[in-house]
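Only one structure is covered here, and it is reproduced in the block below.
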Amino acid sequence: MASVMWFRRDLRLEDNVALKQALEESDELLLLFHVNPDQFLGEGSSNQAAFFKSVDTFRKEIEEKGGRLHLLYGDLKECFKRLKDTFVDWTDIYVNRDEKGYGLKRDKIAGRCFKELGITAHGYYDHHIHHAGEIKTNSGSYYKVFTPYFNKWKELQKPGIVKVKFDASKINTELLFKDDSEQFESFLDKQMPLEGLEVGTHAASERLKSFVDSYLSEYKEARDFPMKDATSHLSHHLRLGEVSIRTVYAKVRNAEPSIGRDTFIQELAWRDFYNMIYATYPEQKEQAIKEAFRQIDWDNNEENYQKWADGQTGYPIVDAAMRQLNETGWMHNRLRMITASFLTKDLLIDWRWGEKYFQQKLIDYDPASNIGGWQWAASTGTDGVPYFRIFNPTTQSEKYDQSGDFIRQYVPELKTITNKKIHDPSKLTVEEQEAFSVIVGHDYPAPIVSHKRSRELAIQAFENSKKAYESAKSDE
Ligand SMILES: Cc1cc2nc3c(=O)[nH]c(=O)nc-3n(C[C@H](O)[C@H](O)[C@H](O)COP(=O)(O)OP(=O)(O)OC[C@H]3O[C@@H](n4cnc5c(N)ncnc54)[C@H](O)[C@@H]3O)c2cc1C
């Protein structure tokens, strides 16, 4: 049997469910990646640059093993028709399926196309420890709140590592799509270079090992402090499957028992939870899950939005975080919560604007986790922070960047401030401003809004939306 293994978010040759099946069931196997221009985000997107850097690395990894990753570039249906015309014996295709969002929509279109071409498609679950449909309440509905979901999640047996026997002699290495490789390379040349970013399966397994050996046991205490940088940095590897989630789970589970280990496992469950939530509420990229908060009268001031995006709000911790994102394509989790809260509550800007900005920038962009994180911070999600519990960016900064060193790293114009007013330079006296050479409003912006006033306005906006919803309900 001649088959195709279509890679998408599973760029590895080990512990890969669909690949194992494809290798076992085929006499000849063509390894494929399809570049879909529908998904392009523009040349300034670090998300896109990281994605294709990873594809390119995977292509080289396959070549080192004596195989070839064939690249198709262009409209999905036309590409597969062209493939069938060229690879005429092709009868079956293997994929690790997507359960939600764009990936699900694409898989439905591809499924119809395979039917027309007479190709049998085989789909597997691979991306999560427990896939979206696996965990339900005793009455058969989906969980809406994380804690009971997690209680059930913990009880279930976990999938083990899937052993793949990579047999290069079965892999089709004929050069079928020379033009598409050239197109891919010229596209790749136009992406941001992201020089410091390590991608690929080797980097992913090194990262997993060093995190488990050096940071796992302290994860619970250290993970909230950006300057400690004590989280795993596995997110961009997991996003494209450079390491399998089963391998991560097994490695962590086999480590010495510690609170750090248990807390980390809980984070992996959040990843499954948000995947399930996105599959259950497919409209959530554009719509608040909580109906009561669909009528918020957002301020949506474009100038303030731009200052937030550029890290020029006058709130040092927010600015440091946004500059970390803009410079590296990654942001620490505590800071994602602070910046998302600041945008939606302090600036009263629609969470969808922030979600899209993160989509453009994050090297670990995952729609389910990003939308989940944004709806959590905006209090519009299924298990979000209550709308009246609003983060104070200055006290968050004093708590999680006590020394101010994280701010100093990303906001160099505040480097000279040696006292705790680094968390709120607007409090510097005239003498201090001169002594530190930081003139507020000149060297660094004054706060663009007052947190105290914004907090009141945000609570009012959420309550107005809630009232409008309740009154419409009572009129029904
Ligand atoms: C507004 C907002 C947007 C976010 N957007 C994304 C995103 O696009 N992609 C993404 O992977 N994560 C996202 N997160 C979750 C979290 O911030 C990142 O997973 C984490 O910072 C990645 O760094 P790490 O790998 O060092 O995390 P670690 O702390 O080492 O966690 C290990 C892994 O667990 C998973 N994980 C951890 N926390 C969460 C969480 N809250 N939700 C879901 N999975 C989690 C990730 O896969 C992560 O790699 C977002 C959170 C917020 C508040």
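The values are calculated or read from the model by the stated rules, or taken from the named source; none is laboratory data. Only a predicted model underlies this, so the values are computations on that prediction, with no experimental measurement involved. Counting neighbours? That spans all protein chains shown, and the Cβs are built from the backbone with ideal geometry, glycine included.
The table that follows gives values for the structure above.
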item	result
Looking only at the range 209-243, and only at residues there that are part of a loop (DSSP other than H, G, I, E, B) and either more than 13 Å from the ligand (Cβ to nearest atom) or among the charged types (D, E, K, R) (or both), the one that is farthest from residue 7 (Cα to Cα)	224
Residue match in the range 331-338 (condition: hydrophobic (A, V, I, L, M, F, W, C), part of a helix (DSSP H, G or I), within 8 Å of the ligand (Cβ to nearest atom) and in contact (Cβ under 8 Å) with a residue 24 or more places away in the chain)	yes
Residues satisfying the stated conditions in the range 350-405, i.e. more than 14 Å from the ligand (Cβ to nearest atom) and either under 24 Å from the mean Cα position of the chain (by Cα) or buried (at least 21 other Cβ atoms within 10 Å of the Cβ) (or both)	386, 387, 390, 393, 397, 401, 404
Candidates 260, 314, filtered to the one that is in contact with a strand residue (DSSP E or B) (Cβ under 9 Å, 6 or more places away or on another chain) and either surrounded by 18 or more Cβ atoms within 10 Å (Cβ to Cβ) or without any contact (Cβ under 8 Å) to a residue 12 or more places away in the chain (or both)	314
Yes/no for residue 271 being surrounded by 16 or more Cβ atoms within 10 Å (Cβ to Cβ), of a type in the set (D, E, K, R), within 15 Å of the ligand (Cβ to nearest atom) and closer than 24 Å to residue 387 by Cα	yes
Residue check for residue 171: touching a Gly at 6+ places or on another chain (Cβ under 6 Å), surrounded by 13 or more Cβ atoms within 10 Å (Cβ to Cβ) and modelled with pLDDT of 95 or more	yes
Helices (runs of 4 or more DSSP H) contained in the range 244-321 and holding at least 2 residues polar (S, T, N, Q) and assigned by TED's automatic domain parsing to the domain that holds residue 213	259-280
